[in-house]
Amino acid sequence: MSTTSDTTSIEDTDSSETVLPLCVPHIAGNEWEYVKECLDTNWVSSVGSYVDRFEADVAKVAGTKHAVATVNGTAALHTALMLAGVEPNDEVIIPTLTFIATANAVHYTGARPVLIDSEPDYWQLDPELLEDFLTNQCERKNGALWNEKTGRRVAAIVPVHILGHPVDFDAIYEISRGYDLPIIEDAAEAIGAIYKGRPVGGLGNLGCFSFNGNKIITTGGGGMIATNDERLAKKAKYLTTTAKDDPVEYIHGDVGYNYRMPNMLAAMGCAQLEQLNDFIMRKRSIADWYREHLEDIPGVNLQSEAQGVFSTCWLSTVEIDPDEFGMDRKQIREALLEKNIHSRPFWQPMHQSPVYKREFSVLTGVADRLFANCLSLPSSVTVTEADVERVCSAIGSLASATQNV
Ligand SMILES: *Cc1c(COP(=O)(O)O)cnc(C)c1O
């Protein structure tokens, strides 16, 4: 306030000075009450009624019979891959354009990712490339599917609902069904998203959610495995709780993991989940506002939503055409940062990553293009239409500045 000059209204100064973060948690419901109850009753750790309730509540959202809480989304994916029977030296199909946790979870099992490019319309794993890979580059032998080039067994597929927009699940299901491939959904960004009337996370054999701080709802850190298969759910609980075979004696029948979600965090999750619908509706409004206010700026296109799906619109993300716009996404990001507006690039595609660039891949250049040109814009559920206007007019002024020279 002290910098307010006579010629600038307080409002203007405020809006240009406030930091607009990319995506921050929103703690506005029963979080304090439920967490306090854990503290008051000493039920803070790895078991408790909130863990049971959060699991039941998430299963309801995913439309599955069971859900098992984990310490984070990566642990959920790692466990789900083990449950699907993925073994060392197998291959697991994932999109090349994803957060690195998807690939890391595959690596933890000792398997190798096969990287499939994205389709250009909604930026999800391309079912046509998947079909091409399975039919033309794999062979069936001894009851299993083998990658002809690498000689490794193809054991599972992990479609990712990128930015909370559902993948074309029916297409992926139709293709992989013929090969008996289990499907594990990486729904880390997509809790509450709907694909043709069915909730995501419950579409495949197993679905994984994340409750990291920047996701749709948060427990600070956390994850969940959803499934309709009771045997898999039981095994998930077993593996994530050190594979203890006896309620009293410390006898362990397998190499288990300490992947439990503490009760205190599950309490927060229960409170956050009560607000899920509000959060998603707000995220969708934010996307609508961006679409509206970016419409007249050449070279900027917001991610589209496919027919018949309901996206969480996790992060409103634009694809920049640098020639048309006059600046690339790096320059735009820096210019926005100078105006206290945070934005972020897409993940480096796995086939470009120093860690995974040697893995088998099926590429068309779409993920490269999206990585080069996409920028995610402020998308916290507290973002207002005025905030969106501020971001869009900042982008607009960059465009007109370059287009006038
Ligand atoms: C966040 C995320 C994960 C990992 O979840 P964590 O809870 O951070 O371990 C996995 N996949 C995708 C696509 C994600 O966005």
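Protein heavy-atom accessible surface, 1.4 Å probe, per residue over the stretch 72-125: 26 Å². Derived scalar couplings between HN and Hα for the stretch 33-42 equal 4, 5, 5, 4, 4, 4, 5, 5, 9, 6 Hz in order, rounded to whole Hz, by the Karplus curve 6.51 cos²θ - 1.76 cosθ + 1.60 (θ = phi - 60°), x for Gly and Pro.
Rounded to two decimals, the Cα-based Rg/Rh of the chain, with Kirkwood Rh, is 1.00.
On the accessible surface of the stretch 109-188, probed at 1.4 Å, how many percent belong to carbon and sulfur atoms?
Details: 1180 of 2920 Å².
Roughly 41 percent, rounded to a whole number.
How large a share of the accessible area of the stretch 266-357, in percent, is made up of carbon and sulfur atoms when the probe is 1.4 Å and the other protein chains stay in place?
Numbers: 1810 of 4170 Å².
Answer for the stretch 266-357: carbon and sulfur cover 43 percent of the accessible area.
Loop-located chymotrypsin sites (Phe, Trp or Tyr not before Pro) in the stretch 175-282 (DSSP state other than H, G, I, E, B) with a sparse environment of at most 14 neighbouring Cβ atoms within 10 Å: TYR179, TYR250.
Classify the stretch 280-405: rounded, prolate or oblate, from the alpha-carbon gyration tensor (a ≥ b ≥ c, eigenvalue square roots; a/c under 1.5 rounded; otherwise prolate if a/b is larger than b/c)? Cα axes put the stretch 280-405 in the oblate bin. The stretch between ARG358 and GLU295, if pulled fully straight at 0.36 nm per residue, gains 18.7 nm over its current Cα-Cα span. Cα centroid separation, the stretch 268-284 to the stretch 335-405: 25 Å.
List the relative contact order of the stretch 288-396 as a percent without decimals, with contacts defined as Cα pairs under 8 Å and 6+ residues apart. Let's see the in-between values first.
Numbers: 127 pairs, mean separation 37.4, N = 109.
With pairs under 8 Å counted, the relative contact order is 34 percent.
Accessible surface for the stretch 168-313, divided over its residues, is 42 Å² per residue with a 1.4 Å probe. Please give every one of the aspartates and glutamates within straight-line cross-link reach of LYS65, meaning a C-alpha to C-alpha distance under 15 Å, and leave out same-chain neighbours fewer than 8 residues apart. Once the sequence-local aspartates and glutamates are set aside, what remains near LYS65 is ASP52, GLU55, ASP57, ASP229, GLU230.
Below 8 Å, C-alpha to C-alpha, sequence gap of six or more: please give me the relative contact order for the stretch 65-113 in percent.
Working: 47 pairs, mean separation 20.7, N = 49.
Reported relative contact order: 42 percent.
Report the FRET efficiency, 1/(1 + (r/R0)^6), for GLU174 and ILE100, where r is their Cβ-Cβ distance and R0 is 41 Å, rounded to 0.05. Write down the numbers at each step before the final one.
Details: r = 29 Å, r/R0 = 0.70.
Efficiency at R0 = 41 Å is approximately 0.90.
With a simple spin-label model that places each label point 7 Å from the Cα along the Cα-to-Cβ direction, the separation between GLU33 and ASP278 comes to 1.2 nm.
How large is the helix-only mean residue ellipticity at 222 nm for the chain, computed as the sum of -39500 (n - 2.57) over DSSP H runs with n ≥ 4, divided by its residue count, in deg cm²/dmol to the nearest 500?
Details: 14 runs with 155 residues, N = 405.
It comes out at -11500 deg cm²/dmol, rounded to the nearest 500.
Rounded, prolate or oblate: which fits the stretch 161-253, taking a ≥ b ≥ c as square roots of the Cα gyration tensor eigenvalues, rounded meaning a/c under 1.5, else prolate when a/b beats b/c? Judged from the Cα gyration tensor, the stretch 161-253 comes out oblate (a/c at least 1.5, b/c at or above a/b). The stretch 89-119 and the stretch 144-194 have their alpha-carbon centroids 11 Å apart. Normalised by the number of residues in the chain, the mean separation of alpha-carbon contacts (under 8 Å, six or more apart) gives a relative contact order of 23 percent.
Accessible area per residue for the stretch 322-400 in Å², computed with a 1.4 Å probe and the full protein assembly in place, what is it? List each step's numbers first, then the result.
Details: 3400 Å² over 79 residues.
That works out to 43 Å² per residue.
Based on the alpha-carbon gyration tensor of the stretch 90-177 and its eigenvalue square roots a ≥ b ≥ c, which shape applies: rounded if a/c is under 1.5, prolate if not and a/b is larger than b/c, or oblate? Oblate, because a/c is 1.5 or more while a/b does not exceed b/c.
Close lysine pairs were tallied over the stretch 225-382: pairs 8 or more places apart or on different chains with Cα atoms under 28 Å apart number 6.
The values are calculated or read from the model by the stated rules, or taken from the named source; none is laboratory data. Everything numeric here is computed off the predicted structure, so don't read it as measured data. Reconstructed Cβ throughout: ideal geometry from the backbone, glycine too, with neighbour counts over all protein chains shown. Remember, those area values only see protein heavy atoms, side chains included, never the ligands or the DNA or RNA. Shrake-Rupley method; radii C 1.70, N 1.55, O 1.52, S 1.80 Å.
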